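**Q** Below is the structure I would like to discuss, written out as structure tokens.
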Amino acid sequence: MPANACRIIEYLVIHGQGGHMGNVISPDRGSLPGNADVVVIGAGIVGAASAFFASRAGLKTIVVERREQPGMLATAVSSECVREQWSQPHNIEMMHESLTMLERFADLVGLPGYDISLHQQGYLFLTAQAEQARRFERIVERQHHLGLVQVELLDAAEVRRRFPFVSPRVAVGRFNQRDGWLAVHEMLWGFIKGGQADVYTETTVTAIERDDRGVEAVVTNRGTIKTRRVVIAAGPFAARVAALAGVHVPLMNVRRQEVRLSRHGVCPPDAPMVVDDDTGVYWRPDGPAALLGGGEKDDQPSEPLEYVPTDWDFPAAVLDNAARLCPFWASVAEDLKADEVFINAGQYSFVADRCPIIGPTPVPGLYINAAYDGHGIMGAPAGSRLLVDLITGRVATEDNPFALDRLASGHHLDIEEEVI
Ligand SMILES: Cc1cc2nc3c(=O)[nH]c(=O)nc-3n(C[C@H](O)[C@H](O)[C@H](O)COP(=O)(O)OP(=O)(O)OC[C@H]3O[C@@H](n4cnc5c(N)ncnc54)[C@H](O)[C@@H]3O)c2cc1C
């Protein structure tokens with residue numbers, strides 16, 4: 001069991017829940033408090049999880065969110081998938097820890113029976129290129145070494161025996177039954193209700209004030225909150241918010257889209273999440289219907305966007321690419337109607353090594369929890385646990401693999417290969 005997994009047990013056992021349940025407070029329902037131990041900026045999944053762990057650690061925490069509801073930016077458009085199959089050891093450990101938390105989510109948040117609809121139907125990575133077999137082997141070996149002994153390397157015959165919808169073109173696959181997907185909306189609200197931090201909506205941070213001790217206050221359109229600890233969890237806007245305190249974060253944002261099909265029965269309902277590793281296209285069952293995405297060429301990084309435009313050529317392209325290794329998608333595409341197709345677009349926010357930034361910044365008291373790329377849903381539980389352990393000193397800064405200062409020029413970076 002990776003070492004971090006035992007910390008989850010500590011959170012379950014040590015950090016009992018107090019009387020207050022987190023609420024969402026719009027301007028007509030209450031005024032902003034004048035002070036807090038921790039102010040979290042942004043109520044996406046990362047801000048909600050950060051506030052949960054901070055409040056459970058005994059810190060008086062509030063969240064400020066620009067929009068009318070939590071979880072309405074990148075979090076709202078995710079494909080809701082979770083997996084521990086990664087290439088970089090720190091990501092494997094982080095996602096393993098997250099999955100363990102998600103499997104025990106009701107216990108973690110202290111809400112008996114709370115259901116995040118976790119479907120562990122597995123993740124199946126496929127390639128049609130025989131020369132990729134060695135790479136697949138290397139990744140699986142590393143995962144085994146880090147304790148994920150159940151991840152399977154499958155030859156072509158075994159892939160097709162278990163997943164008959166896969167084309168004979170397949171060369172090799174790897175599969176982890178423990179991976180899958182969940183309901184992000186429920187996960188987000190579980191962190192809010194299970195924590196003790198209120199979320200103040202329609203509250204935009206416009207300045208971060210500093211004195212000679214570091215962070216002093218957060219200024220918003222609804223007033224100023226005195227605080228010595230601020231967590232930037234502003235998703236695509238994280239670099240812009242950090243700049244308010246004079247901190248540079250080398251964050252890039254690119255558009256990513258997903259397609260949800262409303263027609264029932266288009267794909268096998270017991271299929272795993274299937275990823276064509278050669279093109280990056282993925283699909284999975286979505287209740288009785290289906291969801292597809294990926295395979296987009298990186299657009300030029302853009303400014304963070306409040307509303308990301310969709311591209312109506314994308315569904316045809318993604319269906320075409322999905323049919324490459326799973327041919328049944330070609331016949332689905334043939335008679336699909338426009339009103340059965342829904343496109344969502346958002347931004348992946350990432351840095352050069354495609355790993356998150358978690359922890360302190362050069363300004364004392366200013367922390368960041370962002371840059372989760374295509375994996376902020378699955379990274380949020382363990383990443384936010386780590387963040388709060390860094391704030392409280394339970395984890396030393398030198399033991400943090402996701403520190404901002406790793407991105408300073410001249411440092412060697414280990415790039416995460418498994419972003420899709
Ligand atoms: C198409 C697509 C599919 C994806 N699929 C997956 C997946 O399957 N699994 C997975 O793990 N990840 C996935 N991701 C990535 C995932 O969605 C993100 O990593 C995650 O949602 C980031 O969460 P966040 O809380 O950091 O950001 P956000 O959800 O964007 O939240 C940031 C919040 O900060 C607020 N904010 C910004 N500036 C301010 C300010 N000045 N004052 C107050 N509030 C502010 C915003 O309004 C927003 O609510 C996907 C992303 C996309 C685009």
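**Q** Do the sum for the chain: with -39,500 (n - 2.57) for every DSSP H run of n ≥ 4, divided by all residues, what is the mean residue ellipticity at 222 nm, to the nearest 500 deg cm²/dmol?
**A** -8000 deg cm²/dmol
**Q** Follow-up question, since we're still on this one. Just by accessible area at a 1.4 angstrom probe, what is the order of ILE225, ILE391 from largest to smallest?
**A** These residues rank, largest area first, as ILE391, ILE225.
**Q** Under the rule a/c < 1.5 gives rounded, and otherwise a/b versus b/c splits prolate from oblate, where does segment 117-176 land using the Cα gyration tensor?
**A** oblate
**Q** Something else: Heavy atoms only, 1.4 Å probe, whole protein assembly: order SER262, SER384 by accessible area, highest first.
**A** SER262, SER384
**Q** OK, next. Report the accessible area of ASP270, computed with a 1.4 Å probe over the heavy atoms of all protein chains in place, in Å² rounded to the nearest 10.
**A** Roughly 120 Å² of ASP270 is accessible to a 1.4 Å probe.
**Q** A follow-up question, please. Based on the mean of other Cβ atoms within 10 Å per residue, sort peptides 129-142, 313-326, 205-218, 78-91 so the most packed one is first.
**A** 78-91, 313-326, 205-218, 129-142
**Q** With all protein chains present, calculate the accessible area of PHE342 using a 1.4 Å probe and round the result to the nearest 10 Å².
**A** 110
**Q** Whole angstrom only: what separates the Cα centroid of segment 60-80 from the Cα centroid of segment 127-166?
**A** Centre-to-centre (Cα) distance: 36 Å.
**Q** Among TRP189, TRP329, what's the order by accessible area (1.4 angstrom probe), most exposed first?
**A** Reading off the accessible areas and sorting them downward yields TRP189, TRP329.
**Q** Considering only protein heavy atoms, what is the solvent-accessible area of ASP278 at a probe of 1.4 Å, reported in Å² to the nearest 10?
**A** 50
**Q** Just to be sure I understand: with springs between alpha-carbon atoms less than 10 Å apart, which residue in ALA338, ALA43, ALA171 has the highest mean-square fluctuation in the Gaussian network model of the chain?
**A** ALA338
**Q** Something else now. Taking a ≥ b ≥ c as the square roots of the Cα gyration tensor eigenvalues, with a/c under 1.5 meaning rounded and otherwise prolate when a/b beats b/c, else oblate, which class fits segment 312-389?
**A** Prolate shape, in that a/c is at least 1.5 and a/b is the bigger ratio.
**Q** Using Cα pairs under 8 angstrom and six or more residues apart, how large is the relative contact order of the chain, in percent?
**A** It rounds to 22 percent for the chain.
**Q** Checking the a/c ratio against 1.5 first, then a/b against b/c, what shape does the Cα gyration tensor give for segment 66-118?
**A** The shape class here is oblate.
The values are calculated or read from the model by the stated rules, or taken from the named source; none is laboratory data. What you see is a predicted model; the values in this text were computed from it and never measured. FYI the Cβ positions are ideal-geometry reconstructions off the backbone, even for glycines, and counts take in every protein chain you see. Ligands, DNA and RNA are stripped out before the accessible areas are found, and what is left, the full protein with its side chains, is counted by its heavy atoms. Shrake-Rupley method; radii C 1.70, N 1.55, O 1.52, S 1.80 Å.
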